[in-house]
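Colleague: So that we are looking at the same thing, I have put the structure below in structure tokens.
The values are calculated or read from the model by the stated rules, or taken from the named source; none is laboratory data. What you are looking at is a predicted structure, and each value in this text was computed from that prediction instead of being measured. Here the Cβ positions follow ideal geometry from the backbone for every residue, glycine too, while neighbour counts run over all protein chains shown. Surface areas here come from the heavy atoms of the whole protein model, side chains and all, with no ligands, DNA or RNA. Shrake-Rupley method; radii C 1.70, N 1.55, O 1.52, S 1.80 Å.
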Amino acid sequence: MNAPPRLPTFAFDNSYARDLSGFYVAWKPAAVPAPRLLHLDRTLAAELGLDAEALGSELGAAIFAGNLVPDGAEPIAQAYAGHQFGHYSPQLGDGRALLLGEVVDRQGRRRDIAWKGSGRTPFSRGGDGKAAVGPMLREVLISEGMHALGIPTTRALAVAATGEAVYREVELPGAVLTRVAASHLRVGTFQYFAGRGEVGRLKQLLDYTIARHDPQLAGAPDAPFALLRAVAERQAALVAQWMNVGFIHGVMNTDNMAISGETIDYGPCAFLEAYDPKAVFSSIDHGGRYAYANQPPIARWNLARLAEALLPLVAKPDDEAALQRAIEQAMAVIDAYPGLYDTAWRSGQRAKLGLRTAEAGDAALADDWLALLQAQQVDHTLAWRRLADAAAGSAEGLRALVAEPAALDGWLARWRSRCAAEDGDAAGTDAAARDRAEHLRRTNPLVIPRNHRVEEALAAASEHDDLGPFEQLLAALRRPYDDDPALARYAEPAPAAVTACYRTFCGT
Ligand code: AMP
Ligand code: MG
């Protein structure tokens, strides 16, 4: 006899709902006809202190589709504003998402649990509040791929099919994603209250944010600037990681920049194939505002918008002198950002070059390498990865990636002599070569979420209800550094013709 299904329980402790009334609308998810679990990350569930077994049941599917609100959840749609492609929208908010609540995980970290695609809310404007299977599984693949690459990101706990159709340009199967995040506080959350002139609420938000993400700053004399600085540091580190792995977020609007420093909102994102600083895949990014190489300056632009939103906390608008001083203090942080970014990016590059030490010529060595990849349209991921083989003594795999190996050979000679200088007495020994090759294999991934493999997996799931390719790809993405011949198909670049036509979509 089967045991009766256990009701999955969550130890919710909902600080946002409790401490920030007026910052959200309490709301319920839409009922859907036929919940069915497509994906559940049992490891993540366990990390959150949840009962993975119970969540794998029909009751779990009902929860993850939004049909069953678990005990202790207080679903809310959060208010936020944002600059979208440079234009300010005073009211965006959760138009197709709801925060169920927060749990404190096994390591003591407070984590948000939220639905995406759970129906209309007071913030939906013209939207249907829904999401489709393909884009929700896409968020799973890319966010979990990012996590395996060691890049701060929101996580994907589960995806449930709803059994109802959603209408985009065509009819698609509907789904709800359950996302886990350090918080859903965004630059746009601050903009919302600053824009409405609600300074009291802005102060409440500042205090809440500091308590949640930067408790060491509580009571600091210049708390708003201290928070701005902390956010700048996290964004510098984050965007440097994106750049070094070839990730293009695609829609770095201020409502999609998390205060926590996690990558958030996987819409039209994509990975570089051949190295190209101008790469843009988003169908709506006509001006290339969010192109690969624009990401660091766009993060700075977004930080300046956060700084503006914080100003009312420091100076009254009619106090000209105080305002001027506040602007100067904010500008000092904003102007420090490029340096913070550069340090993080260069240090990541040195690691990717297999270097343990820092020397004056390293930046030029890295720049010349990237220039070479760009000139010869070399696959970004494979080129870095094959440096490991070159370190171990075989540059043939790397040479096979370039059309004209002479330039590469010249660069390799410089790189080898830089490595030899670092190795000192050990230079040229097998042990030194092995150490460097190993370090490079742990730093430069072999498997990333390649656009064509992602699309292939989503098409199988969405069009044929076949989750096999999705599961296999996800398993490969969880082992990005392993040299396993079984993973070879996930490491192959897409045909150039596929990448040339590749377009990703918003509202996905
Ligand atoms: P995003 O592009 O996902 O960052 O969303 C920008 C804004 O549009 C947010 O306020 C979303 O809640 C809202 N939004 C996106 N898609 C939908 C939808 N299908 N229905 C309602 N609101 C949506
Ligand atoms: Mg968003």
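Colleague: Using amide H atoms built in the peptide plane, which far-off residues or other-chain residues are under 5 Å from residue 68 H to H?
Modeller: 63
Colleague: Amide H of residue 157: which non-local residues (sequence gap of 5 or more, or other chain) have their own amide H closer than 5 Å, using H built in the peptide plane?
Modeller: Those lying under 5 Å, H to H, from residue 157 are 178, 179, 180.
Colleague: I've got another one for you. If I stretch the segment between residue 211 and residue 438 completely, what's the gain in nm (0.36 nm per residue apart, minus their alpha carbon distance), one decimal?
Modeller: 77.7 nm is the gain from fully extending residue 211 to residue 438.
Colleague: Could you run the Karplus curve 6.51 cos²θ - 1.76 cosθ + 1.60 with θ = phi - 60° over the stretch 31-41 and give me ³J(HN,Hα) per residue in whole Hz, x for Gly and Pro?
Modeller: Working through the residues one at a time gives 6, 10, x, 9, x, 8, 6, 9, 7, 9, 8 Hz.
Colleague: Indicate the gyration tensor shape class of the stretch 15-184 (rounded, prolate or oblate), computed on the Cα atoms with a ≥ b ≥ c the square roots of the eigenvalues: a/c under 1.5 is rounded; otherwise a/b larger than b/c is prolate and the rest oblate.
Modeller: rounded
Colleague: Any chance you could run the full-extension gain for residue 331 through residue 43? It's 0.36 nm times the residue separation minus the Cα-Cα distance, nm to one decimal.
Modeller: 99.4 nm
Colleague: OK, next. With N set to the residue count of the stretch 86-126, report its C-alpha Rg divided by 2.2 N^0.38 Å to two decimal places.
Modeller: Numbers: Rg = 13.8 Å, N = 41, 2.2 N^0.38 = 9.0 Å.
So the stretch 86-126 has a normalised radius of gyration of 1.53.
Colleague: For the stretch 326-332, what does the Karplus curve 6.51 cos²θ - 1.76 cosθ + 1.60, with θ = phi - 60°, yield as ³J(HN,Hα) per residue in whole Hz, taken in order and with x for Gly and Pro?
Modeller: 5, 4, 5, 5, 5, 4, 4
Colleague: Here is a further query. Would you mind telling me the share, in percent, of accessible area of the stretch 377-496 contributed by carbon and sulfur at probe 1.4 angstrom?
Modeller: Ligands and nucleic acids excluded, carbon and sulfur reach 50 percent.
Colleague: Okay, moving on. Provide the per residue accessible area, probe 1.4 Å, for the stretch 406-480, rounded to a whole number of square angstrom.
Modeller: With all protein chains present, the stretch 406-480 gives 46 Å² per residue.
Colleague: OK, next. Any chance you could run the full-extension gain for residue 58 through residue 364? It's 0.36 nm times the residue separation minus the Cα-Cα distance, nm to one decimal.
Modeller: Length gained, residue 58 through residue 364: 104.4 nm.
Colleague: Further question: How large a share of the accessible area of the stretch 15-184, in percent, is made up of carbon and sulfur atoms when the probe is 1.4 Å and the other protein chains stay in place?
Modeller: Details: 3090 of 6000 Å².
Summing carbon and sulfur atoms, their accessible area is 51 percent of the total for the stretch 15-184.
Colleague: Probe 1.4 Å, all protein chains in place: accessible area of residue 41 in Å², nearest 10?
Modeller: Number for this one is 10 Å².
Colleague: Averaged per residue, what accessible area in Å² does the stretch 12-133 show with a 1.4 Å probe, protein chains only? Don't skip to the end; give the middle numbers.
Modeller: On the way: 4790 Å² over 122 residues.
For the stretch 12-133, the solvent-accessible area averages 39 Å² per residue.
Colleague: Whole-Hz ³J(HN,Hα) for each residue in the stretch 385-392, computed from phi via Karplus 6.51 cos²θ - 1.76 cosθ + 1.60 with θ = phi - 60°, x for glycine and proline: what do you get?
Modeller: 4, 6, 4, 4, 5, 4, 5, 7
Colleague: 222 nm [θ] for the chain, helices only, -39500 (n - 2.57) per DSSP H run of 4+, per residue, to 500?
Modeller: About -14000 deg cm²/dmol.
Colleague: Another question about this same structure. If you put +1 on each Lys and Arg Cβ and -1 on each Asp and Glu Cβ, how big is the dipole of the stretch 451-500 around its Cα centre, in Debye rounded to 20?
Modeller: Around 180 debye, computed over the stretch 451-500.
Colleague: Output the Cα-based Rg and Dmax of the chain in Å, rounding Rg to one decimal and Dmax to a whole number.
Modeller: Computed over the Cα atoms of the chain, radius of gyration and Dmax are 23.7, 77 Å.
Colleague: So, one more: Scale the Cα Rg of the stretch 197-351 by the rule-of-thumb value 2.2 N^0.38 Å and send over the ratio, two decimals.
Modeller: Rounded to two decimals, the normalised Rg is 1.11.
Colleague: For the chain, calculate the relative contact order in percent as a whole number, restricting contacts to Cα pairs under 8 Å that are 6 or more residues apart.
Modeller: In percent, rounded to a whole number, it is 14.
Colleague: Ignoring ligands, DNA and RNA, what percent of the 1.4 Å accessible area of the stretch 197-351 is carbon and sulfur?
Modeller: Exposed carbon and sulfur together represent 56 percent of the surface.
Colleague: Within the stretch 139-161, what residues put their amide N at less than 11 Å from the label point 7 Å along the Cα-to-Cβ vector of residue 36?
Modeller: 161
Colleague: Ranked highest first by average number of other Cβ atoms within 10 Å, how do 468-476, 445-453, 402-410, 335-343 line up?
Modeller: Sorting 468-476, 445-453, 402-410, 335-343 by mean packing, highest first, produces 445-453, 468-476, 335-343, 402-410.
Colleague: Of the options 467, 307, 499, report the single residue whose Cα projects farthest towards the positive end of the charge dipole of the chain (beta-carbon charges: Lys, Arg +1; Asp, Glu -1).
Modeller: 307
Colleague: Residue farthest toward the positive end of the dipole of the chain, with Cβ of Lys/Arg at +1 and Asp/Glu at -1: which of 449, 123, 68?
Modeller: 123
Colleague: Sort 184, 147, 286, 439 from largest to smallest accessible area, using a 1.4 Å probe on the heavy atoms of the protein chains.
Modeller: So, going from the largest accessible area down, we get 286, 147, 439, 184.
Colleague: Also, quick follow-up: Provide the per residue accessible area, probe 1.4 Å, for the stretch 212-348, rounded to a whole number of square angstrom.
Modeller: 37 Å²
Colleague: Students often get this wrong: which residues of the stretch 286-316 have the backbone nitrogen under 18 Å from the point 7 angstrom along Cα-to-C-beta of residue 199?
Modeller: Answer for this model: 307-316.
Colleague: Now, a different point. Under 5 Å between amide hydrogens, which residues at least 5 positions from residue 84 or on another chain qualify, with H placed 1.01 Å from N in the peptide plane?
Modeller: Close amide H contacts, sequence-distant or interchain: 89.
Colleague: Okay, next question. If a/c stays under 1.5 just call it rounded; otherwise compare a/b with b/c (prolate if a/b is bigger, oblate if not). Do that for the stretch 167-223, with a ≥ b ≥ c from the square roots of the Cα gyration tensor eigenvalues.
Modeller: Oblate, since a/c reaches 1.5 and b/c is not below a/b.
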